[in-house]
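Let me begin by presenting the structure, written as C-alpha cells, before commenting on it.
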Amino acid sequence: MNFPHTIYLSSWLAILLTALYASMVIAAVIVVLRENRNPIRALSWVIALVFLPGIGLIFYLFFGRSLRGVHMISRHNKRKIMHQHSPKKVNLNELQLPSEQRNIIKLAHNLCHSPFTLNNEVKIFTDGISKFESLKKDLMKAEKSILFQYYIFLDDKIGNEIADILIEKASQGVNVKVIYDHIGSFSSKNKFFKRMEIAGVETHPFFRVNFPHFANRLNWRNHRKIVVIDGKTGYIGGMNIADRYIYGLPNGEVWRDTHFRVEGSIVESLIYSFAIDWNFLKKEPYVPDVKPEETGISNLTGMQLVTGGPTERWNNLSMCFIRAISSARKTILIQTPYFLPTDALLNALQAAALAKVDVRIMMPENTDSRLLHYASFSYISQCLKAGIKVYLYEPGMLHAKAMIIDDSFVTTGSTNFDFRSFENNFECNLLIYDEKINRVMRDIFFEDVKKCKKLNLESWRKRPVSQRFLESLLRLVSPIL
C-alpha cells in the first residue's frame, strides 16, 4: 500500500497540468492583445479564455486566430490576373458625380483595387423561382466557360438540377469550374461533387476541413456567391443553391432573399474575384482565358465590386459601409438577416439618425440561429433611442442583404451586417451608383415593410426580463459568434 506516494504524484501532476494550461491561456491572451484587434472583440476572447476553462481555449484555437496580412496568392500572379481582367479605366473627372459618391469610389479602389465601371445592366430577383429559372437558362446557353462559386451547394432538388446542367455543359467541352465552401456545403454527400468531377467539372472545396488542418480552417468561410458565364453574364447576391430559396421552410415560412444578374463591364471584376480564389485553392497560376465580348451596353450605370476577407489588410467592406452611411443626407435603408454591428458602424447609424437622416433597419422576427437572433436584438434599444426605425419581417426568414442610401447608391451581395461578415468571412458586394436601380430597390424595401412589425421603444422595453438577460449575455460574445 503506497497511497501517500500516489497522492503526492497525483498532486504534482495536477499542479503541472494546471500550470501548463495557465501558460497556454496567458500565451493566447498575449497573442490576442498583440494583434491590436477591435477592443470589444479582444475583450470577448479574453473573457472566454479566462472564465471558460478548457472550453475557452478550444474555442480560441478553432475560431480566434487571425489571418490578417496572409497573402492568398503571390503579388506577381495577382498583377497578372489584374492586367488580364481589368475593366476599361473611367475618368471620374468627366462624370457629374456627387462628391459623396466620388469619395466612396476612391475608398473602394484604394482598399482592394476595385475599378469603377460604367455600361452595366442589372436584373433584380427577390425570389428563388425566378432567379434559378434565369440561372439555368443562362447556364444552358454557355459555349466557352462557366465560373461557379457558392457558399452552400446542396444535393437537393435544385442542387441536382444545377449539377446536371454543369455536367452536360462539361461534356460539350465547356470549361466548368466550381468552388463551394466545405463547411457551408458540409451536409451534401461527397458523391454529389464526385459525380461532377468524374464528368469533367473541376470542383474544389474552399478550405477543406480535415486533419491536420481542422483547427486552423474551421473559422474561415468563403461566403461569396458568384457565377460568370462565357465572360459576359454574371450573378451575385445572397442566394445559395438550396431548395429553401424556392420552396421556403418546412413550417411553411418563406425564405426571402435578393440576387442580381449583371451584364457589362462589371463582369470583369467578377472574373477577377473568382480567379483569385481559384489560384488560392489550386496553388498554381491561373488566368481565365475567357475575355468578355462587346455587349453593346452603353449607359452611366456605375458599379464596383468590393471583396473582403480575413486576409485583407483593412476591413474593406466595413470601411465602405461606414463611408456610405456617413455620406447619407436623406435616407438609409438596411435589410440584413443578422444585425451585429461593430461600434463604428452602430455609431455611424446613430449619428445619421440624430442628424435627422431617415434610418430604417429591417431584420427577421425569427432567424435560423437562435444565438444570433438574440444577439441581434440586443442592439435594438440603442437604435430606437437614436431615432432609428426598426422593422421585424414576419412571413419567415429575411436573408436579403442590402443597403440603399439617398437617391442613387445601393450595395448588395453576400455581406451580412455582422462581425463575421466584416472580419472572418470572404465576402463580396456590388457598390451601385444609379438612380433607377436605387428606386427599384427602395420600392422592394417598402413592399417588404408591409409585411413587417414596426417596433417602438416603449413596447420594446416591456419584453421579458429573461430575454433581456439572454440578449445582454450574448451581446458580450457577439464579436466571436
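The values are calculated or read from the model by the stated rules, or taken from the named source; none is laboratory data. Bear in mind the structure is a predicted one, so any value in this text is a computation, not a measurement. Because the Cβ atoms are built from the backbone with ideal geometry, glycine has one as well, and the counts that use them run over all protein chains shown. All accessible areas refer to the heavy atoms of the entire protein, side chains included, with ligands and DNA or RNA removed. Shrake-Rupley method; radii C 1.70, N 1.55, O 1.52, S 1.80 Å.
How many residues does region 144-174 hold that are in contact (Cβ under 8 Å) with a residue 60 or more places away in the chain and outside any loop (DSSP other than H, G, I, E, B)? Break it down into steps so the answer makes sense when it comes.
Just the residues of region 144-174 that are in contact (Cβ under 8 Å) with a residue 60 or more places away in the chain, to begin with: 144-154, 156-159, 162.
From what's left, outside any loop (DSSP other than H, G, I, E, B): 145-150, 153, 157-159, 162.
Residues flagged as in contact (Cβ under 8 Å) with a residue 60 or more places away in the chain and outside any loop (DSSP other than H, G, I, E, B) within region 144-174 amount to 11.
Picking from PHE214, PHE206, PHE186, which residue would you name as being open to solvent by less than 20 Å² (accessible area, probe 1.4 Å), at pLDDT below 95 and more than 15 Å from ILE167 (Cα to Cα)? Spell out the reasoning first.
Numbers: PHE214 fails: open to solvent by less than 20 Å² (accessible area, probe 1.4 Å); PHE186 fails: open to solvent by less than 20 Å² (accessible area, probe 1.4 Å).
Going through PHE214, PHE206, PHE186 in turn, the sole match is PHE206.
Please go through region 342-365 and give me each residue that is open to solvent by less than 30 Å² (accessible area, probe 1.4 Å) and either closer than 17 Å to ILE104 by Cβ or in contact with a strand residue (DSSP E or B) (Cβ under 6 Å, 6 or more places away or on another chain) (or both), ordered by number. Step through it out loud before you land on a result.
Pass one, region 342-365, residues open to solvent by less than 30 Å² (accessible area, probe 1.4 Å): 342, 345-346, 348-349, 352-353, 357, 359, 361-364.
Selection gives LEU345, ALA348, LEU349, ALA352, ALA353, VAL357, VAL359, ILE361, MET362, MET363, PRO364.
Please return the ranges of helices (runs of 4 or more DSSP H) entirely within region 397-479 where 3 or more residues are of a type in the set (Val, Ile, Thr) and out of contact with any helix residue (DSSP H, G or I) (no Cβ under 9 Å at 6 or more places or on another chain).
Details: elements: 435-449, 457-460, 465-476.
Passing ranges, in order: 435-449.
Kindly indicate whether PHE377 is within 30 Å of VAL122 (Cβ to Cβ), touching a Phe, Trp or Tyr at 6+ places or on another chain (Cβ under 9 Å) and either among the hydroxyl-bearing types (Ser, Thr, Tyr) or buried (at least 16 other Cβ atoms within 10 Å of the Cβ) (or both).
Working: within 30 Å of VAL122 (Cβ to Cβ): no; touching a Phe, Trp or Tyr at 6+ places or on another chain (Cβ under 9 Å): yes; either among the hydroxyl-bearing types (Ser, Thr, Tyr) or buried (at least 16 other Cβ atoms within 10 Å of the Cβ) (or both): yes.
In short, no.
Which of the residues belonging to region 300-315 are farther than 26 Å from MET397 by Cα, crowded, with 24+ Cβ neighbours inside 10 Å and modelled with pLDDT under 95?
Of everything in region 300-315, nothing turns out to be farther than 26 Å from MET397 by Cα, crowded, with 24+ Cβ neighbours inside 10 Å and modelled with pLDDT under 95.
Specify which of the listed residues (LYS191, LYS141, LYS177) is out of contact with any helix residue (DSSP H, G or I) (no Cβ under 7 Å at 6 or more places or on another chain), at pLDDT 95 or above and under 30 Å from SER265 (Cβ atoms). Write out each step before concluding.
On the way: LYS191 fails: under 30 Å from SER265 (Cβ atoms); LYS177 fails: out of contact with any helix residue (DSSP H, G or I) (no Cβ under 7 Å at 6 or more places or on another chain).
The conditions single out LYS141.
Can you say whether MET397 is surrounded by 19 or more Cβ atoms within 10 Å (Cβ to Cβ), over 23 Å from ASN438 (Cα atoms) and modelled with pLDDT of 95 or more, as far as the supplied structure shows? It would help to see each step written out before you state the result.
Values: surrounded by 19 or more Cβ atoms within 10 Å (Cβ to Cβ): yes; over 23 Å from ASN438 (Cα atoms): yes; modelled with pLDDT of 95 or more: yes.
In short, yes.
So the check is Cβ under 7 Å with 6+ separation or different chains; which pairs have a first residue in region 329-345 that's modelled with pLDDT of 95 or more and among the charged types (D, E, K, R) and a second one that's assigned to a strand (DSSP E or B) and open to solvent by 10 Å² or more (accessible area, probe 1.4 Å)?
Pairs found: LYS330/ASP358.
Of these, ILE334, ILE246, ILE297, ILE325, which one is open to solvent by less than 40 Å² (accessible area, probe 1.4 Å), more than 30 Å from TYR379 (Cα to Cα) and β-branched (Val, Ile, Thr)?
Numbers: ILE334 fails: more than 30 Å from TYR379 (Cα to Cα); ILE246 fails: open to solvent by less than 40 Å² (accessible area, probe 1.4 Å); ILE325 fails: more than 30 Å from TYR379 (Cα to Cα).
Sole residue among the options that is open to solvent by less than 40 Å² (accessible area, probe 1.4 Å), more than 30 Å from TYR379 (Cα to Cα) and β-branched (Val, Ile, Thr): ILE297.
Conditions first: (1) over 26 Å from VAL306 (Cβ atoms); (2) touching a strand residue (DSSP E or B) at 6+ places or on another chain (Cβ under 9 Å). ASN429 passes all but one, so which condition is the exception?
In the conditions (1) over 26 Å from VAL306 (Cβ atoms); (2) touching a strand residue (DSSP E or B) at 6+ places or on another chain (Cβ under 9 Å), ASN429 misses (1) alone.
Can you find, within region 225-243, the residue that is surrounded by the fewest Cβ atoms within 10 Å (Cβ to Cβ) among those that are among the aliphatic types (A, V, I, L, M) and in a loop (DSSP other than H, G, I, E, B)? Walk me through how you get there before you give the answer.
If we filter region 225-243 for residues that are among the aliphatic types (A, V, I, L, M), which is where we start, we get 226-229, 236, 239, 241-242.
Filter once more, so that each one left must be in a loop (DSSP other than H, G, I, E, B): 239, 242.
Working: MET239: 28, ALA242: 23.
Ranking the candidates gives ALA242 first.
Of the residues in region 90-114, how many are loosely packed, with under 15 Cβ neighbours inside 10 Å and in a helix (DSSP H, G or I)? Lay out the reasoning, then the answer.
From region 90-114, those loosely packed, with under 15 Cβ neighbours inside 10 Å are 91-94, 96, 99, 106, 110, 113; that's our starting set.
Subsequent filtering for residues that are in a helix (DSSP H, G or I) retains 92-94, 99, 106, 110.
The number of residues fulfilling the criteria is 6.
Could you grab me the full set of residues in region 115-143 that are in a helix (DSSP H, G or I), in contact (Cβ under 8 Å) with a residue 24 or more places away in the chain and exposed (fewer than 14 other Cβ atoms within 10 Å of the Cβ)? So that I can check it myself, show each step before the final result.
Initially, region 115-143 is screened for residues in a helix (DSSP H, G or I), giving 128-140.
Narrowing the set further to residues that are in contact (Cβ under 8 Å) with a residue 24 or more places away in the chain leaves 128-129, 131-132, 134-136, 138-140.
Of everything in region 115-143, those that are in a helix (DSSP H, G or I), in contact (Cβ under 8 Å) with a residue 24 or more places away in the chain and exposed (fewer than 14 other Cβ atoms within 10 Å of the Cβ) turn out to be ILE129, MET140.
Out of all the residues in region 369-378, is one or more touching a strand residue (DSSP E or B) at 6+ places or on another chain (Cβ under 6 Å) and modelled with pLDDT under 95?
The first filter runs over region 369-378 and keeps only residues touching a strand residue (DSSP E or B) at 6+ places or on another chain (Cβ under 6 Å), leaving 375-376.
If we keep only those that are modelled with pLDDT under 95 as well, we get 375-376.
Scanning region 369-378, I find at least one residue that is touching a strand residue (DSSP E or B) at 6+ places or on another chain (Cβ under 6 Å) and modelled with pLDDT under 95, so the answer is yes.
Given the residues LYS401, LYS436, which is the only one that is under 24 Å from TYR245 (Cα atoms) and out of contact with any Cys (no Cβ under 7 Å at 6 or more places or on another chain)? It would help to see each step written out before you state the result.
Values: LYS436 fails: under 24 Å from TYR245 (Cα atoms).
After ruling out the rest, the residue left standing is LYS401.
Within region 430-468, can you find the residues that are more than 15 Å from MET362 (Cα to Cα), open to solvent by 30 Å² or more (accessible area, probe 1.4 Å) and within 27 Å of the chain's Cα centre (by Cα)?
Our first condition is that a residue be more than 15 Å from MET362 (Cα to Cα); within region 430-468, this holds for 430-440, 457-468.
Still in the list and also open to solvent by 30 Å² or more (accessible area, probe 1.4 Å): 435-436, 439-440, 457-459, 461-468.
Listed by number, the residues that qualify are GLU435, LYS436, ARG439, VAL440.
Note down all Cβ pairs under 6 Å where the first residue falls in region 249-264 and is aliphatic (A, V, I, L, M), the second is open to solvent by less than 60 Å² (accessible area, probe 1.4 Å), and they're at least six residues apart or on different chains.
VAL254/GLY248; VAL254/PRO395; VAL254/GLY396; VAL262/VAL122; VAL262/GLY234
Since ILE404 meets every condition but one in (1) modelled with pLDDT under 90; (2) open to solvent by less than 10 Å² (accessible area, probe 1.4 Å), which condition does it not meet?
(1)
Condition check: under 16 Å from the mean Cα position of the chain (by Cα), within 19 Å of PHE445 (Cα to Cα) and not β-branched (Val, Ile, Thr). Does TYR338 satisfy that?
Values: under 16 Å from the mean Cα position of the chain (by Cα): yes; within 19 Å of PHE445 (Cα to Cα): yes; not β-branched (Val, Ile, Thr): yes.
When the stated conditions are applied, TYR338 passes them.
For region 248-265, which residues satisfy the criterion of being assigned to a strand (DSSP E or B) and more than 20 Å from LYS157 (Cα to Cα)?
As a first pass, look at region 248-265 and keep what is assigned to a strand (DSSP E or B): 254-256, 259-264.
Once the filter is applied, which keeps residues that are assigned to a strand (DSSP E or B) and more than 20 Å from LYS157 (Cα to Cα), region 248-265 yields PHE260, ARG261, VAL262, GLU263, GLY264.
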